[in-house]
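Report on one structure; see the data block that follows.
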Amino acid sequence: MHEVKVNLGERSYVVTIGRGAISQIGQIVTSVRHPSMAVVVSNPTVARLYGDEVLSSLSDAGIRGELVVVAAGERSKTLATVRRVYDALLDLKVDRSGAVVALGGGVIGDLAGFAAATYMRGIDFYQVPTTLLAQVDASVGGKTGVDLPQGKNLIGAFHQPRAVVIDTLTLRTLPARELRCGLAEVIKHGIIYDQEFFWQLEQRARHLLSRCEDDLYHAVCRSVEIKRDVVQADERESGLRAILNFGHTIGHAVEVVTGYGKYRHGEAVAIGMVAEAFIAEREGYAEEPVAEVVAQAIAKMRLPVKMDASVSPDSLLRAIELDKKARAGEIRLALPTKIGRCDVFTVSRDAICAALEFANSAAL
């Protein structure tokens, strides 16, 4: 097992990464504190695959566990679904000494974490991510929230988990498309923070796509370490942490405009990274050409580098202007200055429009 400690004072926690780690969840929870009860929030597919194992581990540790299943997919990441979780917690008479365990991908982690952050003004929660995307990104850092029709994650809270348990063997059951989506976030970490890691990923793309366990394990461990470093330096995104948003401003707009159906999160972020790297070059922020390098690496992971031509750039621009990362009407983007380095810049509406036309073109 590999352990990564996220040092945030009294909110510090350990990320445990290992093959078969999911069977240790009960022991890990009790090493932090012994909850009166643990409610495991999951979706139907993940609950069927891993629900019994998690409940059994909790039971072996002397913790009463109950499973609450909600619909899968971004479209379920709403206040209505959170209300269902609240109702389940109340029906089970969970008090402030109880805990929530998020078992699933990023959607489950976000909404279960938000429920835990707001139920009785906050109860403990634990992340058990089962998708690559959630393992390398969403499960670490304490961002929780739900979507509104106007945009992604517009309602949320910072609520750090008490622990994160990453079992890389769960990637064996992950659909190929979801694996590729996770690789988008892995690539992002290399682009914004670690040039050597980026080139390793590009060289090992075929092995990652074929689920080489050693390569995936290394990718998860290094990504978590990068996320840890950034979160420790800037827990609430007042500065450095904003670099983690690279590709997400345009990516989120793509998801919103297409109704969370055409593109998965990682696919939309992949498109967003290429478009935003184009902006970095166009506006002179990049010290060296980056757009083509980013696009080639993303294509190697069999991810999209451009949008479908039917997606309206005007609709995307409206979604971007509603994004929560906008400040006083200004659009700020995390942009790579070179591979391995990233900074945040105020970007003009014209630059955004040019990037959206670029991402919409057949020239990519």
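The values are calculated or read from the model by the stated rules, or taken from the named source; none is laboratory data. Quick caveat, the model's predicted, so the values are computed rather than measured. Methodologically, a virtual Cβ is constructed for each residue, glycine included, from the backbone with ideal geometry; neighbour enumeration extends over all protein chains shown.
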Problem set entry | Residue match in the stretch 191-211 (condition: in contact (Cβ under 8 Å) with a residue 40 or more places away in the chain, in the same structural domain as residue 264 (by TED's automatic domain parsing), out of contact with any strand residue (DSSP E or B) (no Cβ under 7 Å at 6 or more places or on another chain) and among the polar types (S, T, N, Q)) | yes
Seminar exercise, completed: the stretch 9-86: strands (runs of 3 or more DSSP E) wholly inside it with 1 or more residues that are within 30 Å of residue 149 (Cβ to Cβ) and under 19 Å from the mean Cα position of the chain (by Cα) are 38-42
Exercise. Looking at this structure, is residue 272 crowded, with 16+ Cβ neighbours inside 10 Å, assigned to a helix (DSSP H, G or I) and touching a Ser or Thr at 6+ places or on another chain (Cβ under 9 Å)?
Worked result: yes
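For residue 53, are the conditions met, namely being acidic (Asp, Glu) and at pLDDT below 95? Spell out how you get there, then give the answer.
On the way: acidic (Asp, Glu): yes; at pLDDT below 95: no.
Answer is no for this residue.
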Problem set entry | Test: residue in the stretch 292-315 that is among the acidic types (Asp, Glu), closer than 25 Å to residue 143 by Cβ and in a helix (DSSP H, G or I) | no
Exercise. If residue 269 satisfies every condition in (1) at pLDDT 95 or above; (2) on the phi > 0 side of the Ramachandran plot but one, which is the exception?
Worked result: (2)
For this session: Would you check which residues across the stretch 228-256 are surrounded by 20 or more Cβ atoms within 10 Å (Cβ to Cβ) and either assigned by TED's automatic domain parsing to the domain that holds residue 12 or assigned to a loop (DSSP other than H, G, I, E, B) (or both) and list them?
Result: 246, 247
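Only one residue in 112, 116 is under 20 Å from the mean Cα position of the chain (by Cα), assigned to a helix (DSSP H, G or I), more than 16 Å from residue 154 (Cα to Cα) and in the same structural domain as residue 43 (by TED's automatic domain parsing). Which one? Let's see the steps before the verdict.
Values: 112 fails: more than 16 Å from residue 154 (Cα to Cα).
Of the residues listed, the single one that is under 20 Å from the mean Cα position of the chain (by Cα), assigned to a helix (DSSP H, G or I), more than 16 Å from residue 154 (Cα to Cα) and in the same structural domain as residue 43 (by TED's automatic domain parsing) is 116.
Against the condition among the polar types (S, T, N, Q) and modelled with pLDDT of 95 or more, how does residue 130 come out, does it pass? Break it down into steps so the answer makes sense when it comes.
Numbers: among the polar types (S, T, N, Q): yes; modelled with pLDDT of 95 or more: yes.
Here the answer is yes, as residue 130 does meet what is asked.
Kindly evaluate residue 259 against the criterion of being crowded, with 24+ Cβ neighbours inside 10 Å, in the same structural domain as residue 351 (by TED's automatic domain parsing) and either of a type outside the set (D, E, K, R) or touching a residue at least 24 places away in the same chain (Cβ under 8 Å) (or both).
no
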Problem set entry | Considering residues of the stretch 172-189 that are closer than 18 Å to residue 207 by Cβ and among the β-branched types (Val, Ile, Thr) only, the residue surrounded by the most Cβ atoms within 10 Å (Cβ to Cβ) | 187
For this session: Please name all residue pairs, on different chains or six or more residues apart, with Cβ atoms under 9 Å, provided the first residue is in the stretch 293-310 and is farther than 24 Å from residue 211 by Cβ and the second residue is in a loop (DSSP other than H, G, I, E, B) and polar (S, T, N, Q).
Result: 306/361; 307/258; 308/258; 309/361
For this session: Take the stretch 115-173 and flag every residue that is in contact with a strand residue (DSSP E or B) (Cβ under 6 Å, 6 or more places away or on another chain) and acidic (Asp, Glu).
Result: 124
For this session: Check whether at least one residue in the stretch 85-106 is surrounded by fewer than 14 Cβ atoms within 10 Å (Cβ to Cβ), outside the structural domain of residue 255 (by TED's automatic domain parsing) and in contact with a Pro (Cβ under 9 Å, 6 or more places away or on another chain), and report yes or no.
Result: yes
Problem set entry | Yes/no for residue 158 being within 19 Å of residue 5 (Cα to Cα) and either aromatic (Phe, Trp, Tyr) or not assigned by TED's automatic domain parsing to the domain that holds residue 28 (or both) | yes
